[in-house]
Every structure is written in C-alpha cells, then in structure tokens.
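In what follows, a single structure is set out as structure tokens and then discussed.
Since every read-out is calculated from the coordinates, none of them should be taken as a lab result. Predicted, not measured: the structure shown is a model, and the values here were computed from it. With ideal geometry, Cβ positions are generated from the backbone for all residues, glycine too; neighbour counts draw on all protein chains shown.
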Amino acid sequence: MASIERFLGKKVEIPEDRRYVPKQGLWGKLDDETIIFGLSEPALALAGGLNDLEQLVGSGDTVREGDAVAFAITAKIQYFDAPIRGRIHFNPAVKESPSLVLEDSYAGGWIFRIKPEEGTEKAMEKMADASAYINSLKYTEGFKNPDGLKGGVSGVCKAVYTGIRGQKI
C-alpha cells in the first residue's frame, strides 16, 4: 500500500494491487471476469467529498470506452467515463447510500463494474499502475497544498479569498 502523508491536509492511500485512470481518479481492480471501478482517496479529497451519484446508462448496458456513464455531485458536478468497452453494472448499495464511497472507497464503496469485451488482462494494461498514478498527482492542488489551506495556494485564490474577507456587506 502506497500513501501520501500530506495531501490537502490528510493522509491518502493508494493500493498497489490495482490500476488507475488518473484523469478521472478511478481505480480498477480485477474480479473474476470483470473489473471493478471506484474513486481513489486522492480523487475524493480533490473533489471535496461525494454528495450524490447518478447513473447515466442502465445496469447491464454495453458501453464504449469514453462514454459518460455516471456523474457525481461533489463540490462540483463530475462526470465519469467508461475507461473500457464492455457490459456495465452499478453498485446498488452506493446508489442507496453514496456515503459508502467515502467510508470505504477501496472495497464496498465501488461504483461500477465492467466485463470487458477485449479481455481483462488487456483492459488492465490500459490503466496506470500506482506509481504512475502518484506521479500524476504531483501537479494537483493536493500536492501544492499539503496542509489543506482554505483558499488554496494559487495567487488568484488567495486574492479572491482575501478580497471576500475584506468586504463589508
């Protein structure tokens, strides 16, 4: 298990037994003939949590790589694309209680599973390993703001927050 000690003010873990889709913050783990996908701890930290999750396709549908399959309401709206082509099934427990993703993002809080058309091994090879995923996170706000300071660390964010604090309404 790899971890980042200070990422937006918290310690986040990145299991090395799975693969990652860095752009979306998804992890993928082989499970028999399917690949289970969920949100990584760094992705949840960057998103500011998870309030709701909605399916955009039906469970059992065949999806193409890049199809929008779900969206999450976090601090903003975030869409998730299918990382691979195949038949998709959603986790009904997460639909009923999205907080499962926050409580147990690497086990019971998985979001969807896909049975890949091209075979599981080939599909897994398309994704990044834990080391490459961690490397991709080095350019995010999580690394730039290891203490989780409100207003971030960019000059623009600091100016906006400082300006808001100085206003008399």
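In table form, for the structure just shown:
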{"quantity": "Pairs from LYS11/LYS122; LYS10/LYS76; LYS76/LYS126 whose Cα-Cα separation, in the structure shown, is over 30 Å", "calculated": "LYS11/LYS122"}
{"quantity": "Sequence-distant aspartates and glutamates (8 or more away, or on other chains) whose Cα lies within less than 17 Å of LYS115", "calculated": "ASP31, ASP32, GLU33, ASP61, GLU65, ASP67, ASP81, GLU125"}
{"quantity": "The stretch 10-76: trypsin sites (Lys or Arg not before Pro) in DSSP loop, at most 13 other beta carbons within 10 Å", "calculated": "LYS23, ARG64, LYS76"}
{"quantity": "Kirkwood hydrodynamic radius of the chain, Cα pairs, Å", "calculated": "16.8 Å"}
{"quantity": "The stretch 2-166: relative contact order as a whole-number percent, Cα under 8 Å and 6+ apart", "calculated": "27 percent"}
{"quantity": "Lys, Arg +1 and Asp, Glu -1 on Cβ, resulting dipole of the chain about Cα centre, debye, nearest 20", "calculated": "980 debye"}
{"quantity": "In range of the label at GLU65: residues from the stretch 87-115 whose backbone nitrogen is under 17 Å from the point 7 Å along Cα→Cβ", "calculated": "87-88, 114-115"}
{"quantity": "Most mobile listed residue (GLY142, GLY109, GLY60) in the chain, GNM with C-alpha springs under 10 Å", "calculated": "GLY60"}
{"quantity": "Selected from SER3, PHE37, SER105, residue furthest toward positive end of dipole (the stretch 2-166; charges at beta carbon)", "calculated": "SER3"}
{"quantity": "Cβ-defined net charge surrounding PHE143, 15 Å radius [Lys, Arg +1; Asp, Glu -1]", "calculated": "+1"}
